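Below: the structure, in structure tokens.
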Amino acid sequence: MKILHVSSSPHGQSAESYRLSSKIVEHLLANHPGATVVDRELGGGAVPHIDHPYALAQHAAMGHAAGEGSIAISDKLIEELEAADVVVIGTPIHNMGLPSALKAWIDHVVRAGRTFDITPQGKVGTLRDRPVYIAVASGGRFTGEHVRQPDFLTPYLVFVLGMVGLHDLTFFTVEGTVAPADVLTATREKTDRALREHFAPTHA
């Protein structure tokens with residue numbers, strides 16, 4: 001089994017979202033000891049935004065500008081995604097939505113004529129479905145009884161990943177990361193319990 005681990009926080013491995021997504025990877029490796037992991041870190045501008053040749057290649061009249069600019073990066077990122085049996089995405093919420101680093105990755109892998117086709121019936125994904133685990137960290141709370149902010153990240157990811165054929169999505173969250181230490185510890189423990197329950201081996 002191949003696991004693609006995508007992390008998008010500018011804090012890198014010290015980020016709450018990275019801690020959570022790494023725990024998901026650990027559970028997957030515990031259940032599948034022979035699995036391999038490809039780490040794709042997006043923070044700090046590791047993946048640039050799409051460029052002019054990419055935009056031209058997306059125009060139906062221009063064809064495919066292979067190997068030019070960010071098209072080459074897009075090809076590599078799509079190949080990583082296609083090869084993965086499981087995808088794990090770690091992301092913070094920035095300004096109620098996606099961090100720009102994750103949006104740049106999405107712009108590279110959600111590509112007309114490559115991961116989705118435009119048909120008379122609308123856009124149809126061409127990727128095979130597989131489990132996608134999304135680890136979300138947020139300074140504020142966007143679920144439960146004490147909601148303090150709207151959530152534009154979850155519905156966007158559900159829609160845009162579904163557009164390329166990825167529908168098997170599972171979200172885990174650590175919310176209120178700016179809360180006092182004892183509150184954050186309790187929140188982490190609750191999420192860790194949810195992870196253990198989700199990944200507990202099943203016995204026939």
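The values are calculated or read from the model by the stated rules, or taken from the named source; none is laboratory data. Here the structure is a predicted model, which means the values were calculated and not measured. As a convention, Cβ positions derive from the backbone with ideal geometry for all residues, glycine included, and neighbour counts pool all protein chains shown.
So in the range 181-204, with the set limited to residues that are of a type outside the set (Ser, Thr, Tyr), without any contact (Cβ under 8 Å) to a residue 60 or more places away in the chain and not in a helix (DSSP H, G or I), which one is surrounded by the most Cβ atoms within 10 Å (Cβ to Cβ)? Step by step, filter the range 181-204, then rank; the result is Ala200.
Residue-by-condition table, conditions (1) under 17 Å from Phe159 (Cα atoms); (2) without any contact (Cβ under 8 Å) to a residue 24 or more places away in the chain; (3) touching a helix residue (DSSP H, G or I) at 6+ places or on another chain (Cβ under 7 Å):
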{"position": "Leu98", "(1), (2), (3)": "yes, no, yes"}
{"position": "Ala112", "(1), (2), (3)": "yes, no, no"}
{"position": "Gly122", "(1), (2), (3)": "yes, yes, no"}
{"position": "Gly139", "(1), (2), (3)": "no, no, no"}
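Identify, from the list Thr170, Thr91, Thr126, the residue that is at pLDDT 95 or above, under 15 Å from the mean Cα position of the chain (by Cα) and surrounded by fewer than 16 Cβ atoms within 10 Å (Cβ to Cβ). Reasoning before the result, please.
Details: Thr91 fails: surrounded by fewer than 16 Cβ atoms within 10 Å (Cβ to Cβ); Thr126 fails: under 15 Å from the mean Cα position of the chain (by Cα).
Just one listed residue meets the conditions, Thr170.
Tell me yes or no: at least one residue of the range 176-192 is more than 26 Å from Asn31 (Cα to Cα) and under 19 Å from the mean Cα position of the chain (by Cα). The answer is no; no qualifying residue exists. Against the test of being within 16 Å of Gly165 (Cα to Cα) and touching a Leu at 6+ places or on another chain (Cβ under 6 Å), the options Thr91, Thr115 yield a single qualifying residue, Thr115.
Looking at Val47, is it of a type in the set (A, V, I, L, M), assigned to a loop (DSSP other than H, G, I, E, B) and either closer than 25 Å to Leu28 by Cβ or touching a residue at least 40 places away in the same chain (Cβ under 8 Å) (or both)? Spelling it out, Val47 is indeed of a type in the set (A, V, I, L, M), assigned to a loop (DSSP other than H, G, I, E, B) and either closer than 25 Å to Leu28 by Cβ or touching a residue at least 40 places away in the same chain (Cβ under 8 Å) (or both).
Among the residues of the range 133-172, just one is touching a strand residue (DSSP E or B) at 6+ places or on another chain (Cβ under 7 Å) and among the basic types (Lys, Arg), namely Arg141. Checked against the criterion of being of a type in the set (A, V, I, L, M, F, W, C) and within 21 Å of Arg40 (Cβ to Cβ), the candidates Ala112, Ala104 yield just one match: Ala104.
The condition (being modelled with pLDDT of 95 or more, surrounded by 14 or more Cβ atoms within 10 Å (Cβ to Cβ) and either farther than 17 Å from Asn95 by Cβ or out of contact with any Leu (no Cβ under 9 Å at 6 or more places or on another chain) (or both)) is satisfied by just one residue among Val158, Val136: Val158. Answer yes or no: is there a residue in the range 35-44 that is farther than 15 Å from Gly90 by Cα, without any contact (Cβ under 8 Å) to a residue 60 or more places away in the chain, outside any helix (DSSP H, G or I) and of a type outside the set (Val, Ile, Thr). Yes, the range 35-44 contains at least one residue that is farther than 15 Å from Gly90 by Cα, without any contact (Cβ under 8 Å) to a residue 60 or more places away in the chain, outside any helix (DSSP H, G or I) and of a type outside the set (Val, Ile, Thr).
With respect to the conditions (1) touching a helix residue (DSSP H, G or I) at 6+ places or on another chain (Cβ under 8 Å); (2) of a type outside the set (Val, Ile, Thr); (3) within 24 Å of Lys76 (Cβ to Cβ), His11 lacks only one, and its number is (3).
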